[in-house]
Every structure is written in structure tokens, then in C-alpha cells.
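Data block below; observations after.
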Amino acid sequence: MITLKFGDIITAVASLAIIFILILYPLTLVFAPSLGNYQAFELGSFVSFILTTIIVGYIFAPKIREENRTKTIAKITILFAVFMIFMVYMELAVTEWTPMIKEEYMKANPTATPSASEWYYIQALRLTGEKFLILVLMLVVTFGGLYIGSMLKKPATS
């Protein structure tokens with residue numbers, strides 16, 4: 001009986017991260033001339049993420065199939081989400097978000113005059129919303145993609 005050990009889950013998560021980057025960069029380069037940098041990155045990320053989870057689900061299908069499929073996929077999904085949320089926190093920490101958030105807020109509320117502490121909470125709420133959206137999408141797409149990928153590979157007959 002094949003079982004998915006914790007080391008296999010780590011390998012699946014590492015595979016998700018590596019394959020995602022290998023698909024994302026070329027795909028973003030293809031989309032950038034027609035969509036612009038921002039939209040190319042957003043679309044490239046989404047498409048890459050879906051393809052990556054299906055590929056990894058396909059690769060790990062025999063081990064996923066041997067155990068409780070949903071429980072095994074959930075373990076991989078949760079660990080990958082923890083890894084990716086650290087990556088999101090690092091991105092948010094090294095990027096200057098304040099000008100963009102102020103511009104968006106003032107565009108939506110042209111007569112507002114927030115104080116310094118209110119700006120802090122406006123920015124914190126905006127970044128928390130970004131993390132929430134990314135995490136929810138990541139959990140749903142990762143689980144779904146791994147499940148679909150594991151269903152695509154037929155069991156070996158003996």
C-alpha cells in the first residue's frame with residue numbers, strides 16, 4: 001500500500017512552488033505586450049496556479065488515491081497555503097503600498113481627510129483584505145486543482 005508521508009507532502013508543496021514559477025514567468029511575458037504588466041501578472045498568476053495544481057495533482061495521484069483523497073489533498077493545500085501566505089507577507093513588507101492605497105481611497109472618497117492613524121487603519125484593512133482574498137482563492141484553487149489532477153491519472157491495473 002502506498003501512503004503519503006509528511007515528506008511527500010513537503011515534496012508536493014515544493015513542487016507546487018517550483019512549477020508555479022516555471023509557468024508564471026513565461027506566461028506573464030506572453031501576456032504583457034497585449035495586457036500590460038499588471039493585468040499580465042494577475043492573469044498569468046491565476047492561469048499558472050490552476051495549471052500547477054492540476055499538474056501536481058496528476059503527479060501525486062497514486063499516493064493521493066491510496067489514502068482518503070480529500071484528507072490528503074487538504075493536508076497539501078493547508079501546508080501550501082501556509083507557505084504562500086508567508087510569501088504574500090514578504091511581498092507586502094517589501095513593497096511601498098501607501099501611495100497606491102491613498103490614491104485608490106481618495107478616488108473613491110474625494111472629500112475625505114483621514115488623520116494619520118486613520119490612514120494606518122485604512123492601509124491595514126486594505127492589505128488584510130488582499131491577504132484574505134489571496135488565501136481564499138489559493139485554498140479553493142489548490143484543493144480543486146489537486147483533486148482534478150488526481151482524477152486525471154487513472155490507477156495502474158495489476
Fill in: Index of the failed condition, E104 passing every other in (1) surrounded by fewer than 14 Cβ atoms within 10 Å (Cβ to Cβ); (2) in a loop (DSSP other than H, G, I, E, B); (3) of a type outside the set (A, V, I, L, M); (4) touching a helix residue (DSSP H, G or I) at 6+ places or on another chain (Cβ under 9 Å)
(2)
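Per-residue answers, yes or no, for (1) surrounded by fewer than 18 Cβ atoms within 10 Å (Cβ to Cβ); (2) closer than 30 Å to S150 by Cβ:
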{"site": "A14", "(1), (2)": "yes, yes"}
{"site": "I18", "(1), (2)": "yes, yes"}
{"site": "Y38", "(1), (2)": "yes, no"}
{"site": "E66", "(1), (2)": "yes, yes"}
{"site": "I76", "(1), (2)": "no, yes"}
{"site": "M87", "(1), (2)": "yes, yes"}
{"site": "E96", "(1), (2)": "yes, no"}
{"site": "M100", "(1), (2)": "yes, no"}
Worksheet entry | Sole exception among (1) modelled with pLDDT of 90 or more; (2) of a type in the set (A, V, I, L, M); (3) over 30 Å from P155 (Cα atoms); (4) out of contact with any Ser or Thr (no Cβ under 8 Å at 6 or more places or on another chain) for L35, by number | (1)
Fill in: Restricting segment 20-36 to residues that are under 22 Å from G149 (Cα atoms) and β-branched (V, I, T), the residue that is surrounded by the most Cβ atoms within 10 Å (Cβ to Cβ)
I23
Discussion item. Here are the criteria: (1) over 27 Å from D8 (Cα atoms); (2) over 23 Å from the mean Cα position of the chain (by Cα); (3) not aliphatic (A, V, I, L, M). Tell me which single one E96 does not satisfy.
Written reply: (2)
Discussion item. Looking at segment 105-136 only, could you name the residues that are in contact (Cβ under 8 Å) with a residue 12 or more places away in the chain and not aromatic (F, W, Y)?
Written reply: I122, Q123, R126, L127, E130, K131, I134, L135
Worksheet item: Among the listed residues P114, P99, P62, which satisfies the condition of being at pLDDT below 90 and in a loop (DSSP other than H, G, I, E, B)?
Response: P114
Discussion item. As an exercise: evaluate F6 against (1) hydrophobic (A, V, I, L, M, F, W, C); (2) surrounded by 16 or more Cβ atoms within 10 Å (Cβ to Cβ); (3) under 24 Å from P155 (Cβ atoms) and give the number of the one condition it does not meet.
Written reply: (2)
Worksheet item: Which one of the conditions (1) surrounded by 15 or more Cβ atoms within 10 Å (Cβ to Cβ); (2) under 23 Å from the mean Cα position of the chain (by Cα); (3) modelled with pLDDT of 85 or more does T128 fail to meet, given that it meets all the rest?
Response: (1)
Discussion item. Looking at A32, A40, A17, can you tell me which residue is small (G, A, S), in a helix (DSSP H, G or I) and within 18 Å of F143 (Cβ to Cβ)?
Written reply: A17
Fill in: So E67, is it of a type in the set (D, E) and either touching a strand residue (DSSP E or B) at 6+ places or on another chain (Cβ under 6 Å) or more than 23 Å from E130 (Cβ to Cβ) (or both)
yes
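The values are calculated or read from the model by the stated rules, or taken from the named source; none is laboratory data. None of these values were measured; they are calculated from a predicted model. Note that we place each Cβ from the backbone using ideal geometry, even for glycine, and neighbour counts take in every protein chain shown.
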